[in-house]
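Below is one structure, written out as structure tokens; comments come after it.
Every number in this text was worked out from the coordinates using simple rules, so none of it is lab data. Note that the structure is predicted; figures quoted are calculated from it, not measured. Here the Cβ is made from the backbone with ideal geometry for all residues, glycine too, and neighbour counts use every protein chain on show.
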Amino acid sequence: MEEVGKNLIRKCKEDLDAVRAEVGKVVVGQEATINGMIRALLANGHVLLEGIPGIAKTVLIRALAKTTGSKFKRIQFTPDLLPTDIVGITSYEKEKGFFVIKGPIFSNFVLADEINRAPPKVQSALLEAMQEKQATIGKETFPIEEPFFVLATQNPIETLGTYTLPEAQVDRFLFKLYMKYPTSEEEKKIIEQNITIRPFEDFKINPVLSPGRIIKLQELTKNIMHSDKIKEYIVDIVNSTRHPDKYGIKTGKYIELGASPRASIGLFIGAKADALLKGDTYIKPQNVKDVAFDILRHRLILNYAGQAEGVKVDDIISEVLSKVPIP
């Protein structure tokens with residue numbers, strides 16, 4: 001039985017490697033971001049992505065949707081956007097009577113571009129759909145087709161005309177990823193390999209998965225094995241953000257609010273997804289460490305001293321991982 005499990009995991013890893021190879025046809029570099037998005041998809045979670053304009057955020061999720069054989073919709077968030085622009089409306093025609101026109105939220109992959117540009121009511125409509133996997137149009141509630149994956153982007157350099165996401169809503173995203181500048185060598189490739197010069201279709205991205213296959217991979221992710229010591233390690237990591245003095249974490253003095261139990265759940269399912277991505281049948285401590293930054297960076301609230309001194313949350317997480325012992 002164990003050998004069957006290993007063979008199954010090996011086949012899954014081959015499929016996921018093929019996904020990364022296909023996405024790599026159009027997206028140069030950004031391996032950490034691609035891996036993070038695949039982990040989130042396996043864990044059936046959503047991603048909040050920060051990155052400057054022009055760094056291939058839209059191309060990345062479009063390529064991921066194409067290679068997984070899924071439907072893709074992009075929503076450009078603007079200050080005048082309404083909730084009905086996302087979920088849809090009830091319309092009326094004399095010949096047909098009342099009928100529903102579904103909005104772009106009814107897709108497998110949804111890019112919520114610059115989510116912080118829309119007012120809170122619109123943000124709430126999206127986050128409700130993410131949480132409940134359903135949307136209400138008029139008096140009817142419609143389920144959203146699985147798999148359902150939202151990538152919401154934020155522009156970190158502009159604050160004018162933006163509405164900051166409340167911390168409680170940010171917590172609903174499984175991961176927060178940073179998309180960084182490419183290296184010099186990668187940028188040389190980007191100059192010739194981009195959708196400004198070549199149409200997206202010319203990259204010939206092949207669908208190596210299907211929506212049904214993704215759902216099976218998500219079920220398999222839940223069944224990745226773990227030990228009680230791994231659960232203890234996860235709880236200790238999260239607990240150290242609430243009681244940093246107990247673990248000797250010096251940067252803990254900058255934490256206003258530690259991570260919630262949702263962080264523990266995220267570390268658990270995220271580590272399972274990381275294990276599957278690497279072809280392992282069970283969680284190792286390194287799997288937990290590999291997803292810790294993406295899980296915790298939007299769940300630790302800095303106090304005024306931390307904000308004033310420009311403390312980076314990632315530095316606190318680094319200290320947490322170095323100080324919390326592995327059981």
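The range 102-121 and the range 73-100 have Cα centres spaced 13 Å apart. Size descriptors for the chain (Cα atoms only): Rg and Dmax, in that order, 20.6, 72 Å.
Extents of the range 219-323, taken as max minus min of Cα coordinates on every principal axis and listed largest first, are 44, 22, 21 Å. Across the chain, where is the longest run that never hits trypsin sites (Lys or Arg not before Pro) in a DSSP loop with at most 10 other C-beta atoms within 10 Å? Excluding the exposed sites themselves, the longest stretch runs over 205-327. In the range 88-187, Cα pairs under 8 Å separated by at least six residues give a relative contact order of 29 percent.
One Cα centroid belongs to the range 203-220, the other to the range 42-72; the line between them spans 14 Å. Here LYS253 is the anchor, and the aspartates and glutamates within straight C-alpha reach of less than 17 Å, apart from those fewer than 8 places off in the same chain, are ASP245, GLU309, ASP314, ASP315, GLU319. The orientation-averaged projected area of the convex hull spanned by the Cα atoms of the range 1-154 comes to 11.8 nm².
As a length-normalised measure over Cα pairs under 8 Å and 6 or more apart, the relative contact order of the chain settles at 23 percent. Taking 0.36 nm per residue of separation and subtracting the current Cα-Cα distance, fully stretching the chain between GLN134 and ILE197 would add 18.8 nm. Exceeding 25 Å between C-alpha atoms, which entries from my cross-link table qualify? They are LYS25/LYS278; LYS71/LYS204; LYS180/LYS231; LYS11/LYS323; LYS6/LYS57; LYS176/LYS289. In this structure, LYS180/LYS231; LYS11/LYS323; LYS6/LYS57 exceed 25 Å between Cα atoms. All Cα-Cα distances of the range 174-248, cut into 10 Å bins from zero to the largest, leave 13, 19, 25, 23, 18, 3 percent in each bin in turn. Estimated purely from DSSP H runs of n ≥ 4, each contributing -39500 (n - 2.57), the mean residue ellipticity at 222 nm for the chain is -14000 deg cm²/dmol once divided by its residues.
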